[in-house]
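The values are calculated or read from the model by the stated rules, or taken from the named source; none is laboratory data. Just so it is clear, the structure is predicted and the values come from calculations on it, not from any experiment. Glycine gets a Cβ as well: all are built from the backbone with ideal geometry, and neighbour counts include every protein chain shown. Heads up: the accessible areas ignore ligands, DNA and RNA and are worked out on the full protein's heavy atoms, side chains in. Shrake-Rupley method; radii C 1.70, N 1.55, O 1.52, S 1.80 Å.
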Amino acid sequence: MNPTTDYFLIDDLLTDEHKMIRQTVRDFVDKEIIPIIDHYAQKHEPIPNLMKQLGAIGALGPYIPEEYGGAGLDQIAYGLIMQELERGDSAVRSAASVQSSLVMYPIYSFGSEAQKKKYLPQLASGEMIGCFGLTEPNHGSNPNGMETNIKDAGDHVILNGAKMWITNSPLADIAVVWAKDEEGVIRGVIVERNMPGFSTPKTDNKWSLRASATGELVFDNVKVPKENILPNIKGLKGPLSCLNSARYGISWGVIGAAVNCYEVALKYGLERTQFGRPIAGFQLQQKKLAEAITEITKAQLLCWRLGTLKNEDRATPSQISMAKRNNVDMAIHIARELRQVLGGMGIMGEFPMMRHAANLESVITYEGTHDVHLLITGNDITGINAFV
Ligand code: TGC
Ligand code: FAD
């Protein structure tokens, strides 16, 4: 019997530091997340104090340099952290990936020195929570159509508009918001919670990512000082560069969700007997388990290679799209299939499959839908844009 989820010995490709970081996050998830996640998901509430806990284990902005509060780690380490967090729940990985890739990354990459010093250390420790506002009620897959706008007013700009589906908006101290200026050029602005005219209504009644707070961002003539504009980026490539980083993290993260489902299903299948023998001995159940470990292994290899390319700054957005699309699809399929191995017990909260499957419905939608990523690949291989 070989219950490993490292079937192709990919651990041999990791450094001792990678393995140590992974173990730290794995221990955190086993101790602090798995025992409580069903409770908060059932209650549809975010895990209290999660961001500070993530900060304490170095899971926020791990690749940001130490001088700004990060850990200065490489991209494989970032991926492994995301993988272990999502083994607990996609909401936990979401919290870490939004803070790291969608808030800290743009401030680090496009911000002024003053902005980096003011925000990054507090974001890294989890004392400050950030969110990322790109999607709007009328513009999801096509963010270039955004209506949110800034108008010049001397030493500040006036921000108007609305964003929706924003992870952590109800909890956030700051929001990195993408808005068009008077010339129609997309700019990034840092909006602070206490700015008059800024509100963050909560989105209720989700059947997915129930332990993650989601909400809107509403801007009603918000005065934003010009020093809060990200000075070093203009255009849609600003937010899309952040998405490259977050999508990369998701492609690793969902492996964790799949591994959690696989480990639970294998154990259950070996213990549960029907017709006088373990159900894992029936060919139809073995097909589900064998296909799951095959797909997990392929996804691990894809991520490891993508991570090495990213470390060399050679990963393309299209490669990242392919990995995000393939791996999320892999994970949602495994969650659904392996739930069946548990029969009726598979629908219960004490087992993770339904929760992972429901969460992954969001993951297959956000950061670019399954179909949008296919069209990105299609565009890359044919040179023909099928979006419009
Ligand atoms: P297009 O004309 O292709 O490109 C406009 C400019 O952007 C550049 N670019 C990129 N740059 C960096 N990274 C990328 N991935 C890039 N893709 C494109 C491009 O070179 C161009 O630059 P320039 O200098 O020539 O101006 O743009 P388009 O309007 O045709 O749109 C392309 C499309 C559809 C692929 C893109 O808009 C897209 O990816 N749509 C999906 C939207 C999306 O993913 N939204 C995510 C919102 S955030 C979120 O979901 C967070 S969930 C968080 C959680 O809880 O984990
Ligand atoms: P639409 O764009 O309306 O798409 C609907 C359907 O049409 C999809 O199946 C899509 O694939 C398809 N479609 C669209 N265009 C085409 C085309 N050209 N060709 C073929 N099919 C097409 N956004 C943020 O900015 N920040 C966040 O923190 C954030 N967090 C989120 C958290 C959750 C839980 C969820 C569910 C979403 C979050 N999002 C966030 C928004 C997310 O990125 C969008 O939902 C996603 O980009 C899709 O946009 P939409 O929902 O408007 O769908």
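Looking only at I296, I233, I64, which one moves most when the chain is put into a Gaussian network model with springs between Cα atoms under 10 Å?
Largest GNM mean-square fluctuation: I233.
Most fluctuating residue of T273, T365, T200 in a GNM of the chain with Cα springs under 10 Å: which is it?
Most flexible of the set in this elastic network: T273.
How much space per residue, in cubic angstrom, does the convex hull of the C-alpha atoms of the chain take up?
138
Compare the Cα positions of H370, W304, G184 along the charge dipole of the chain (+1 at Cβ of Lys, Arg; -1 at Cβ of Asp, Glu; about the Cα centre) and return the one farthest towards the positive end.
Result: H370.
Please report Rg (one decimal) and Dmax (integer) in Å for the Cα set of the range 308-368.
15.0, 47
Which cross-chain or sequence-distant (5 or more) residues have an amide H under 5 Å from the amide H of C131, H modelled 1.01 Å from N in plane?
Sorted by chain and number, the residues that satisfy this are I174, A175, V176.
Net charge within 12 Å of F28 by Cβ-Cβ distance, Lys/Arg positive one each and Asp/Glu negative one each, not counting F28 itself?
0
Can you give me the long-range amide H partners of E136? Hydrogens built in the peptide plane at 1.01 Å from N, cutoff under 5 Å, separation of 5 or more residues or another chain.
When sequence neighbours closer than 5 places are left aside, the close amide H contacts are M164.
Kirkwood-based Rg over Rh for the range 10-129 (C-alpha set), two decimals?
Ratio value, two decimals: 0.98.
Mean separation of Cα pairs under 8 Å and 6+ residues apart, divided by the residue count of the chain: what relative contact order is that in percent?
18
Considering only protein heavy atoms, what is the solvent-accessible area of M348 at a probe of 1.4 Å, reported in Å² to the nearest 10?
Surface open to solvent at M348 totals about 90 Å².
Before I look further, what does the chain give for accessible area per residue, probe 1.4 Å, in whole square angstrom?
Solvent-accessible surface per residue comes out at 44 Å².
Note down the net charge around G111, summing +1 for each Lys or Arg and -1 for each Asp or Glu among other residues with Cβ under 11 Å from its Cβ.
Combined, the nearby Lys, Arg, Asp and Glu give +1.
Would you work out the charge dipole size for the chain about its Cα centre, treating the Cβ of every Lys and Arg as +1 and the Cβ of every Asp and Glu as -1, and quote it to the nearest 20 debye?
For the chain, the charge dipole is close to 600 debye.
Among M128, G61, S97, whose Cα projects farthest towards the positive end of the dipole of the range 1-149, with charges put on the beta-carbon of Lys, Arg (+1) and Asp, Glu (-1)?
Positive-most Cα among the choices belongs to M128.
Leaving ligands, DNA and RNA out of it, report the carbon-plus-sulfur percent of the accessible area of the range 27-130 at a 1.4 Å probe.
50
Counting alpha carbon pairs within less than 8 Å and at least 6 residues apart, what relative contact order, in whole percent, applies to the range 10-129?
Answer for the range 10-129 is 31 percent.
Among the lysines, which fall within straight-line cross-link reach of K206, defined as a Cα-Cα distance under 17 Å, with same-chain neighbours fewer than 8 residues apart omitted?
Hits, sequence-local ones excluded: K43.
Quantify, in whole percent, the carbon and sulfur part of the accessible surface of the range 324-388 (1.4 Å probe; protein heavy atoms only).
That share works out to 58 percent.
Name the residue farthest towards the positive end of the dipole of the chain from the options G79, S199, L342, assuming +1 on Cβ of Lys and Arg, -1 on Cβ of Asp and Glu, about the Cα centre.
In the chain, that residue is L342.
Which of the pairs K267/K298; K180/K298; K118/K223; K52/K180 have their Cα atoms more than 30 Å apart in this structure?
K180/K298; K52/K180
Sorted by packing (mean other beta-carbon atoms within 10 Å per residue), highest first, where do 298-308, 188-198, 82-92, 98-108 land?
82-92, 98-108, 298-308, 188-198
Can you give the Kirkwood hydrodynamic radius of the range 131-228 from its Cα pairs, in Å with one decimal?
About 13.5 Å for the range 131-228.
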